[in-house]
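Data first, discussion second: the structure below is written as structure tokens.
The values are calculated or read from the model by the stated rules, or taken from the named source; none is laboratory data. These figures come from a predicted structure and were not determined experimentally. Here the Cβ positions follow ideal geometry from the backbone for every residue, glycine too, while neighbour counts run over all protein chains shown.
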Amino acid sequence: MIISKLPNVGTTIFTRMSQLALETGALNLSQGFPDFDGPQALRDAVGRHIAAGHNQYAAMTGLPVLREQVAAKVARSYGRMVSADSEVTITPGATQAIFCAVQALVRPGDEVIVFDPCYDSYEPAVELAGGQCVHIPLALPGFVIDWQRLQDALSAKTRLIILNSPHNPSGALLSGAELDQLAALIRERDIYLISDEVYEHLVFDGAKHASILAHDELYQRAFVVSSFGKTYHVTGWKTGYVVAPPALSAELRKVHQYVSFCGVTPLQWALADYMAEHPEHVEELPAFYQAKRDLFCDLLVGSRFSFSRTAGTFFQLVDYSAIRPDLDDLAMAEWLTREQGVAAIPLSVFYQAPPKDLRLVRFCFAKREETLRQAAEKLCAI
């Protein structure tokens, strides 16, 4: 008999809700992917490179030309000069990058601090490395770090802290002052960081993303993870990258080379071309997605849902207390999908121990205007 190494893990809520949306014909605002394509020039470049014969293994660390484009973007966006050779690693998706970073760092008996609600891939990666997650709830309603609780949770066993900003699912942002506070808290401790920054360019209302890459002290102990899929509207390409100091990158690569060895070659070539030819793409992303957020929120103003407009990511939380307070959020998500024709994600799945009477669900607004208008019409009719 097989004894599972992940006995508490089943099919993810994202797969379940997307499947339910497919079965019921509901508009899928649950799983976080666009219902529109990435830039035409980027998609054309893939075919061009396939035809050119760029179909064999890429370098284990990623194509040099793509790593150089990442280094150039880091310099433009965050003012940090990083080595494309020793500090940038291309991976088959950000989730794989996080997994490899965890495996590189975490040893049996180590503790890893995560902030709830947190993305569901963190804990399984830690458990497979023999570590244990220590869950610290973010303080509501703003989903901010409770610094006293974090300080109290630190121990000799603490090996790693996983950060996520802009934050999925809440959209909350870490500030530069908070990063300074974190630096002071762990300065004398042998603690590392994974900073999940896949939504780094989806920050709204004139705010700036406070990246670990822009923080001299914290970067020296961090893996910073990002996603081409999120940035270029091609989530199915499953291509991401990690920026980390040379010593940490070397340890990450030891794991990465035996998990996947390398990413998909023609996709890397296409991304390198597009980044070189269209550096303005990342600068235009905040306005592009803020327009979608504002359209969706404006349309929901007349509904019975309550909400505060998200500060980042392409997710919007809404409170349904005035509609079905008798339903927990999982039941509400299923009710919305089956009965109202709009699929959502319940917030409680991102928690180890959800707050009592949590009545929040998450919608993804990375959708065409037509999709958002149709969804909002259904939601306002409830």
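Of all residues in the range 121-154, those being surrounded by fewer than 15 Cβ atoms within 10 Å (Cβ to Cβ) and assigned to a loop (DSSP other than H, G, I, E, B) number 5. If the condition is being without any contact (Cβ under 8 Å) to a residue 12 or more places away in the chain and either among the basic types (Lys, Arg) or not assigned by TED's automatic domain parsing to the domain that holds Arg293 (or both), then the range 333-371 contributes only Lys356. Yes or no: the range 310-322 includes at least one residue that is under 22 Å from the mean Cα position of the chain (by Cα), of a type in the set (Gly, Ala, Ser) and in a loop (DSSP other than H, G, I, E, B). Yes. Just so you know, in the range 53-72 the residues that are out of contact with any strand residue (DSSP E or B) (no Cβ under 9 Å at 6 or more places or on another chain) and not aromatic (Phe, Trp, Tyr) include one that is nearest to Phe261 (Cα to Cα), and it is Gln56.
Might you check whether a residue that is within 20 Å of Ile50 (Cβ to Cβ) and surrounded by fewer than 20 Cβ atoms within 10 Å (Cβ to Cβ) occurs anywhere in the range 238-251? Reasoning before the result, please.
We begin by selecting, within the range 238-251, every residue within 20 Å of Ile50 (Cβ to Cβ); these are 238-239.
Keeping just the survivors that are surrounded by fewer than 20 Cβ atoms within 10 Å (Cβ to Cβ) gives 238.
Taking every residue of the range 238-251 in turn, at least one turns out to be within 20 Å of Ile50 (Cβ to Cβ) and surrounded by fewer than 20 Cβ atoms within 10 Å (Cβ to Cβ).
Among the residues of the range 257-279, not a single one is farther than 24 Å from Gly53 by Cβ and crowded, with 18+ Cβ neighbours inside 10 Å.
Tell me, please, whether a residue that is more than 23 Å from Phe350 (Cβ to Cβ) and of a type in the set (A, V, I, L, M, F, W, C) can be found in the range 138-151. No: zero hits.
Would you be able to say whether some residue in the range 363-382 is at pLDDT below 95 and either assigned to a helix (DSSP H, G or I) or out of contact with any Phe, Trp or Tyr (no Cβ under 6 Å at 6 or more places or on another chain) (or both)?
The first filter runs over the range 363-382 and keeps only residues at pLDDT below 95, leaving none.
Scanning the range 363-382 turns up no residue that is at pLDDT below 95 and either assigned to a helix (DSSP H, G or I) or out of contact with any Phe, Trp or Tyr (no Cβ under 6 Å at 6 or more places or on another chain) (or both).
Candidates Asp35, Asp44: the one that is surrounded by fewer than 21 Cβ atoms within 10 Å (Cβ to Cβ), among the acidic types (Asp, Glu) and assigned to a loop (DSSP other than H, G, I, E, B) is Asp35. Scanning the range 78-95 finds one or more residues that are farther than 20 Å from Leu6 by Cα, out of contact with any Cys (no Cβ under 9 Å at 6 or more places or on another chain) and aromatic (Phe, Trp, Tyr). Taking each residue of the range 240-258 that is in the same structural domain as Tyr78 (by TED's automatic domain parsing) and looking for partners that are in a helix (DSSP H, G or I) and of a type in the set (Asp, Glu) with beta-carbon atoms closer than 9 Å, six or more apart or interchain, yields Ala244/Glu251. When the range 194-229 is limited to residues that are small (Gly, Ala, Ser) and within 27 Å of Gly38 (Cα to Cα), the one that is farthest from the chain's Cα centre (by Cα) turns out to be Gly206. Among the residues of the range 84-113, those that are of a type in the set (Gly, Ala, Ser) and either under 30 Å from Gln148 (Cβ atoms) or in contact with a Lys or Arg (Cβ under 9 Å, 6 or more places away or on another chain) (or both) comprise Ala84, Gly93, Ala94, Ala101, Ala104, Gly109. In summary, Glu200 fulfils each of the numbered conditions (1) among the acidic types (Asp, Glu); (2) buried (at least 24 other Cβ atoms within 10 Å of the Cβ); (3) in a helix (DSSP H, G or I) with the single exception of condition (3). Ser303 meets each of the listed conditions (1) farther than 22 Å from Pro34 by Cα; (2) in the same structural domain as His49 (by TED's automatic domain parsing) apart from (2).
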